[in-house]
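These notes concern the structure reproduced below.
The values are calculated or read from the model by the stated rules, or taken from the named source; none is laboratory data. Quick caveat, the model's predicted, so the values are computed rather than measured. Neighbour counts are summed over all protein chains in view; Cβ atoms, including those assigned to glycine, are modelled from backbone coordinates with ideal geometry.
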């Protein structure tokens, strides 16, 4: 399985990328992750609205 099938980018909010991936049981999950090198923040949500709110509310400590 290629990387494109594992994670697909939907939106970018500043340094945070929101995309889809396969969750724990094979269902579609929405992931918000920070692209800063030393941040390491990421979270998985059931719907895209929650992921977008988390992306907009993330304040990266690296920058």
- Note on the structure: Of the residues in the range 9-45, those that are over 19 Å from residue 56 (Cα atoms) and touching a strand residue (DSSP E or B) at 6+ places or on another chain (Cβ under 8 Å) come to 21, 22, 23, 28
- Message: Quick check on the range 12-39: of everything there that is in a strand (DSSP E or B) and at pLDDT below 85, which residue is nearest to the chain's Cα centre (by Cα)?
- Response: 21
- Message: Report every pair of residues separated by at least 6 positions or lying on different chains whose Cβ atoms are under 8 Å apart, first residue within the range 29-44 and without any contact (Cβ under 8 Å) to a residue 12 or more places away in the chain, second surrounded by 15 or more Cβ atoms within 10 Å (Cβ to Cβ) and part of a strand (DSSP E or B).
- Response: 40/34; 42/31; 42/32; 42/33; 42/34
- Task: Starting from residues that are without any contact (Cβ under 8 Å) to a residue 40 or more places away in the chain and assigned to a helix (DSSP H, G or I), keep the ones in the range 45-63 and report whichever is farthest from residue 8 (Cα to Cα).
- Result: 57
